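The structure under discussion appears below in the form of C-alpha cells.
The values are calculated or read from the model by the stated rules, or taken from the named source; none is laboratory data. All of these numbers come straight from a predicted model, not from anything done at the bench. No Cβ is skipped: glycine too gets one built from the backbone with ideal geometry, and neighbour counts run over all protein chains shown. Each accessible area value is taken on the protein alone, full model and side chains, heavy atoms only, with ligands, DNA and RNA left out. Shrake-Rupley method; radii C 1.70, N 1.55, O 1.52, S 1.80 Å.
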Amino acid sequence: LASNEAGFKYLIMGSFASGFLLFGIALIYGATGSFDIMAIRAFISQHGTDLPAFFYAGVLLVLVAMLFKVSAAPFHFWAPDVYEGSPTVITALMSTIVKTAAFAAFMRLFLVTFGGVNETWSMVLAVVIALSLVISNITAATQQSVKRMLAYSSISHAAFMLMAILANNRGMASVSSILYYSLASSIGYIAAFTVVYTVSKHEEGSSNIEAFNGLAKRHPLMAVCMTVAMLSLAGIPITSGFFAKYFVFSLLIGTSFKWLIILAILTSAVGVYYYFKVIIAMYFKTPEKHDAIVIDSSHVVLLILTTLFTIALGIVPNYVVEIFG
C-alpha cells in the first residue's frame, strides 16, 4: 500500500512538473522559433537583452520543472515518500542514476543554453539552494527511518550540485565539479542502500535506525562499509565526499554567492549529526537480536568495491577531476 501511494504521488507530481516543462518549452519556442538548444543559445547571444518577456518566463518554467526532477526544495516533498515507499533497489536507482541523468540535462540547459541569461534565473536558483540546504538537513535530523533520512540528505547533495551550476561563469570547472560530486555521492548511496537493503531484509522490512544497533558485532564488514559511506556523504576529510564539497566551494568563492558557502557549512554540521547517528547505532548500541546477518556474496563484492572507490577518489581527487575536464 505504501509503495502504491508513493507511486501515485510521484505520478501526479511528475505530471504537474511536466506541464511546467512543456509550457516553458512552448514559450521559449515562441520567442526563438526553434527547439534546438544550440540554436536557442545562438539566438540569446545575438539578441542580448532584446528578448521578449515571455522568453524569460519560459526559462523560469523550465527551471521549476528541472528543480522538481532533482528534488530541490520547495519541490522536494515527493522524494521522501517515494524513497521510503519504493523497494530499496529502486530507491538506490533513483538516488544515483536517475538523479545523475537529471543533472546532466540541467547542466546542458542552464550551463550551455541559458547561460547567457543567467541573471534571470541565478537569484531564483540561489534561493532554492538555500531552502534545500536548510529544509533537508533539519528535517533529516529528525528522521528515524534511515531510508527517509537518506532521501532528505539527497536533497542536500542536490543543493551542492546546484551550487556548481550557479557558478556557471567558471565554465568546464563547473561541469567537472558536478560530475565528480555526482560520482562521489552515487558511490556513497549505492553502499548505503546496499546495507539498508540487507538489514531491512533481515529485520522484516524495518529500516529504522534501531535496526542498525550492534551491526558492527553482527556483521563487521557491513558496518565498516556503511561507516565509510556515511563519512563520505557527511563530507569528512580523506573521503571523496569531502573533496566533492571542496570543489563546489572553490567555485563559489569567485562569485557574489559566498553567503551560500557559510550556509552550506552550517547545515553540513547538522548533516554530520544525523549521519553519525547511524554510526553510533552500529558500534555503540545493543542490538535486540544477536544472530549474524547473512549477506549475498554479490553484495559483499559491491560493498568492498564502493568502499575502495570512495577512499580512492578521496586520495586522488584532482586526477579524477582532470579526467572529467
Identify which of the listed values of Cα Rg over 2.2 N^0.38 Å was calculated from the structure shown: (i) 1.03; (ii) 0.92; (iii) 0.98.
(i)
Size of the dipole of the chain about the Cα centre, Lys and Arg at +1 and Asp and Glu at -1 on the beta carbon, nothing else charged, in debye to 20?
340
Could you state the number of Å between the C-alpha centres of the range 30-48 and the range 113-153?
29
Can you give the helix-only mean residue ellipticity at 222 nm for the chain, where every DSSP H stretch with n ≥ 4 adds -39500 (n - 2.57) and the sum goes over all residues, rounded to the nearest 500 deg cm²/dmol?
-25000 deg cm²/dmol
For the chain, what is the number of Lys pairs with C-alpha distance below 13 angstrom, counting only pairs 8 or more positions apart or on separate chains?
4
Give me the dipole magnitude in Debye, nearest 20, for the range 32-186 about the Cα centre, with unit charges on the beta carbon: positive for Lys and Arg, negative for Asp and Glu.
280
What does the extension gain come out to for residue 42 and residue 280, with contour length at 0.36 nm per residue minus their alpha carbon separation?
80.3 nm
Expressed in nanometres to one decimal, the distance between label points 7 Å along Cα→Cβ at residue 308 and residue 144 is 4.0
A 1.4 Å probe over the protein heavy atoms gives the chain a carbon and sulfur accessible-area percentage of 70
For the range 197-254, treating each Cα as an identical point scatterer without solvent, what Debye log10 I(q)/I(0) comes out at q = 0.21, 0.23, 0.24, 0.25 1/Å?
-0.81, -0.88, -0.92, -0.96
So how much slack lies between residue 319 and residue 127, counting 0.36 nm per residue of separation and subtracting their Cα-Cα distance, in nm?
65.9 nm
Mean Cβ count within 10 Å, highest first, over the residues of peptides 81-89, 250-258
81-89, 250-258
If I model a spin label as a point 7 Å beyond the Cα along the Cα-Cβ vector, how far apart are those points for residue 238 and residue 77 in nm?
4.4
Only Cα pairs within less than 10 Å get springs; with that Gaussian network setup on the chain, which residue of 22, 231, 260 has the largest fluctuation?
22
Mean accessible surface per residue for the chain, computed with a 1.4 Å probe while every protein chain stays in place, in Å²:
43
Rounded to the nearest 0.05, what FRET efficiency do residue 293 and residue 89 give with R0 = 22 Å and r taken as the Cβ-Cβ distance? Could you check?
0.80
